[in-house]
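Q: My questions all concern the structure below.
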Protein chains: 2
Amino acid sequence: MVTHKKLVLGIFGFGVVGEGLYKVLNMTPSLNATLKKVCIKHPDKKRNAPAELFTADRQILLKDNQINVIVELIDDADAAYEIVKEALLSGKSVVSANKKMLAEHLIELLELQKQTGASLLYEAACCASIPVIRNLEEYYDNDLLHSINAVVNGSTNYILTKIFDEKLSFKNALIQAQQLGFAESNPVLDVEGYDALNKWTFLLTHAYGLLPDKEKLCFTGIQSITSEDARQAEKKECVIKLVASAKKLQNGKVAAFVLPQFVKKDDQLAFIKNEYNGVVIESSFADKQFFYGKGAGSLPTASAVLSDISALSYDYRYEYKKLNREESNELTNDFYVKAYIGFTDWDHIRKDDFESIEEWHSNESINYLIGIIHFEKLQTSSWWKENNVSLVLTADPIIESLDIVKLKKRSLVLAGFSGGNHLS
Amino acid sequence: MVTHKKLVLGIFGFGVVGEGLYKVLNMTPSLNATLKKVCIKHPDKKRNAPAELFTADRQILLKDNQINVIVELIDDADAAYEIVKEALLSGKSVVSANKKMLAEHLIELLELQKQTGASLLYEAACCASIPVIRNLEEYYDNDLLHSINAVVNGSTNYILTKIFDEKLSFKNALIQAQQLGFAESNPVLDVEGYDALNKWTFLLTHAYGLLPDKEKLCFTGIQSITSEDARQAEKKECVIKLVASAKKLQNGKVAAFVLPQFVKKDDQLAFIKNEYNGVVIESSFADKQFFYGKGAGSLPTASAVLSDISALSYDYRYEYKKLNREESNELTNDFYVKAYIGFTDWDHIRKDDFESIEEWHSNESINYLIGIIHFEKLQTSSWWKENNVSLVLTADPIIESLDIVKLKKRSLVLAGFSGGNHLS
């Protein structure tokens, strides 16, 4: 019945994931795969594997006709792209976990797959152990995908969990995450949202058939979240999560961003604690479906890589069906969001950008407002990321129609608010 | 790139799911599928669809060469089998939601698929909207599947949720479930575990490549669970769930059953409330992954059927890879479980069957014990399902080795317990 192809692997990189994969392969005898060579940068470093497995010369792998699968597990996104490109061009299938490379080169990589017929799989690059790409690609392949909301970065989620559950300060929570190895050595990539943004860029391809320019996606991280913001969340029976979001609006266009968000304590996303990841997929008829699992770490990531390798033995490939639809989807910034804004100085808030402000508090210890703002105004400005301003979207933040909003704005104008009045 | 096959559908059944599918199809223009005919039992009943769509003659669908997909959504498992068989034999692909038919006829249906080359998909038959079969088949296709634990029956879960969260009696909770349409008109199928057993039978095929005889799988439902059992669960910071379980033991064999179980309140399974379903998959390296969603209802089920139809347009089929492995898995009853037993009369308990009894209470209002018993002794007896005896496995119930257990039994013997002493 099924043809189970014999795989000969060449691995690039022997860091935590590479070494994890080496272990996992040794414990998976039923997979018809042989590891032939591992390419590493520093050949003199001591490794937990036989020395003859290693080389520092990438061409030894790429020019080896026996090797039919390249597994790319290195950090450097540019070098990774060169390797993956050359591997695909020589007809080898590729498994990669490099989210940055995918976020920056997916269009070229699509073209290369088409041109060469070789397959590129990368389940490990988003949510590690959760098979979210495979499910979006294969199972949610119809036009009923309402929304997708996800926690895709384990270290920010770990920090937020400690802030809420153990009342740690942001700084101490970050130190703990770093000690446990959940945060990158350069924590900016995690904490300021770059890692989540990279993942979201290509997840939108599999969710909605979009190929967004990551420079144009609106995002931030959790760097400005204060204990005061956490207290305000608690008052609303919420926690704060860094949520990667996409929603199909009534006009058929797609709203997408990566921003901190208030999440009701009984929401599925609130169930995701510590370094875990989770994805909530809402489809028109099936209500919400929730996928949850370890989003980082050596073995969970290696296990996702292994599932991709196993899929290659059956000639699996992403078909990118949603990209090839007649009616393609389109991103839009033409909608409103309701947001909480914490701040220290009222002058740093562009209050005129708001359509309405529903709530504001300003005293010695608390400064915040909750208002409705056009998304384009967030996307094209950065005041809300600077000067200790913290932005947290409210639960269910997207507002498509302005009718009700306009009335509220008018009522606030009548109440004497607007036009630059300082409240503090 | 992808060939998107034109589908012409014939549907059997126009009950809640059939009508749901009709609606969903009308709202999914991108799916290249036309509904040609619906076969129903009672042609005179008024339907929310054009009259010319309906026929009571099954041959009109089965002999129509244009129809290339039969969607089987009827109740009667025997009639369903006849229809599916004839459809496959005439080269039509089939989508079914009939768990009873699958549990009883999977072996013949496998043979028919092989013989005809036609594809039979049935994602909707287990956990409705959760793509559990597809994930087990495609993503967890390696020998690393540690365990799978699932809540697969929505109505028993609804009843248990009401007993725990709202302190309803079993009887009142059942009435509510029936009023809301979550329970079958014959509640015995849900409440006594038959529905969960049917689903588990073929889920074991996709999880472990097993083809179990459902008559030999050990199961019960929640019919004997009392408020007192619920109170004991609360004391242990647990809830009670009807859990379908399978675990690969250290000897490589698989333990599998459907039994009520204490579930710690912070366990993923405890997150599943009301009519929802959920599946926790544990693999050796990826830790636990949790899939959660609506497990019943017209539209969630129809949406799963739709995803199968959509998959057929790309010629998708289950490859049953795990069945075709060289080293196949095997079920075993040779292990121990730790169980809580509630009872009204001590004489109804076969206490000599226990290897050890760790805890017992007996007074006017409470009668229970917690002990370790060989699984074979449960599987081959029924005292624990009769005479108001309730069995609930403890959290993490499987014990593979007896060394520690033996010591404990000895200590209980020394303490004067055993050999039929009555404690009440």
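Coordinate-derived values only; no laboratory data. All values reported here derive from a predicted model rather than from experimental measurement. Here the Cβ positions follow ideal geometry from the backbone for every residue, glycine too, while neighbour counts run over all protein chains shown.
Q: Which whole-number value in Å³ per residue fits the convex hull of the alpha carbons of the protein assembly as shown?
A: Taking the convex hull of the Cα positions in the protein assembly as shown, it is 189 Å³ per residue.
Q: Considering only DSSP states other than H, G, I, E and B, which GluC sites (Glu not before Pro) in the range A:153-209 qualify as loop sites with at most 13 other Cβ atoms within 10 Å?
A: Here the sparse-neighbourhood loop sites are A:Glu166.
Q: Run down the aspartates and glutamates and flag those whose C-alpha is under 18 Å from the C-alpha of A:Lys235, throwing out any fewer than 8 positions away in its chain.
A: A:Asp165, A:Glu166, A:Asp266, A:Asp267, A:Glu358, A:Glu359, A:Asp396
Q: So, one more: Where the only charges are on Cβ atoms (+1 Lys, Arg; -1 Asp, Glu), what is the dipole of the range B:138-293 about its Cα centre, to the nearest 20 debye?
A: Computed about the Cα centre, the dipole is about 340 debye.
Q: Still on this structure, I have one more. Count charges around A:Ser381 for me, please; just the other residues with Cβ under 10 Å from its Cβ, Lys/Arg as +1, Asp/Glu as -1.
A: Around A:Ser381, the charge tally is 0.
Q: A further question follows. Which three extents, in angstrom, do the Cα atoms of the range B:336-414 have along their principal axes, listed largest first?
A: Principal-axis extents of the range B:336-414 (Cα, largest first): 34, 28, 22 Å.
Q: A further question on this structure: Sort A:Cys39, B:Cys126 so that the residue with the fewest other Cβ atoms within 10 Å of its own Cβ comes first and the one with the most comes last.
A: A:Cys39, B:Cys126
Q: Give the residue from B:Asn251, B:Gln115, A:Ala256 lying farthest towards the positive end of the charge dipole for the protein assembly as shown; charges sit on Cβ (+1 for Lys and Arg, -1 for Asp and Glu) and the dipole is referred to the Cα centre.
A: Of B:Asn251, B:Gln115, A:Ala256, it is B:Gln115.
Q: Just tell me how shielded B:315-327 is by partners: mean number of partner chain Cβ atoms within 10 Å of each residue's Cβ, no decimals.
A: 2
Q: Then there is this: Treating cross-link reach as a plain straight distance, find the lysines whose alpha-carbon is under 16 Å from the alpha-carbon of B:Lys63, omitting any fewer than eight places away in the same chain.
A: B:Lys36, B:Lys37, B:Lys85, B:Lys92
Q: State the three equivalent ellipsoid semi-axes of chain A, derived from the C-alpha gyration tensor as the square roots of 5 times its eigenvalues, in descending order and whole Å.
A: Value: 43, 24, 17 Å, ordered largest first.
Q: So what's the projected area for the range A:180-298, the Cα convex hull averaged over all directions, in nm²?
A: 8.9
Q: Among all lysine pairs in the range B:94-167 that are eight or more places apart or on different chains, how many have alpha carbons less than 28 angstrom apart?
A: Qualifying lysine pairs in the range B:94-167: 4.
Q: If you don't mind, there's one more thing I want to ask. Give the residue list of trypsin sites (Lys or Arg not before Pro) in the range A:35-117 that are DSSP loop and have at most 10 other beta-carbon atoms within 10 angstrom.
A: Taking the range A:35-117 and a limit of 10 other Cβ atoms within 10 Å, the loop trypsin sites (Lys or Arg not before Pro) found are A:Lys45, A:Lys46.
Q: Using 0.36 nm per residue of separation minus the Cα-Cα distance, give me the extension gain between A:Thr55 and A:Leu211 in nm, one decimal.
A: Fully extending the segment from A:Thr55 to A:Leu211 adds 52.6 nm.
Q: Ok, one more. What's log10 of I(q)/I(0) for the range A:79-150 at q = 0.27 Å⁻¹, Debye sum over Cα points only, no solvent?
A: Calculated log10 I(q)/I(0) at the listed q: -1.24.
Q: Right, here's the next one. List the relative contact order of chain B as a percent without decimals, with contacts defined as Cα pairs under 8 Å and 6+ residues apart.
A: Relative CO of chain B lands at 17 percent.
Q: Once you average over the residues of A:129-135, how many Cβ atoms of partner chains fall within 10 Å of each Cβ?
A: Mean shielding count: 5.
Q: What is the gain in length, in nm to one decimal, between B:Ala395 and B:Trp346 on full extension, counting 0.36 nm per residue of separation less the C-alpha to C-alpha distance?
A: 15.3 nm
Q: Is the C-alpha gyration tensor of the range A:307-371 telling us rounded, prolate or oblate? Criteria: a/c under 1.5 is rounded; beyond that, a/b larger than b/c is prolate, otherwise oblate.
A: Prolate.
Q: Considering every residue in B:287-300, what mean count of other chain Cβ atoms within 10 Å of its Cβ is obtained?
A: Mean shielding by partner chains, rounded to a whole number: 6.
Q: Post the alpha-carbon centroid distance, the range B:255-333 to the range B:169-236, in whole angstrom.
A: 16
Q: Under a Cβ-only charge scheme (Lys and Arg +1, Asp and Glu -1), can you give me the dipole magnitude of chain A about the Cα centre, in debye to the nearest 20?
A: In debye, rounded to 20, chain A gives about 760.
Q: Take every DSSP beta bridge with both residues inside the protein assembly as shown and express the antiparallel ones as a percent of the total, to the nearest 5.
A: 70
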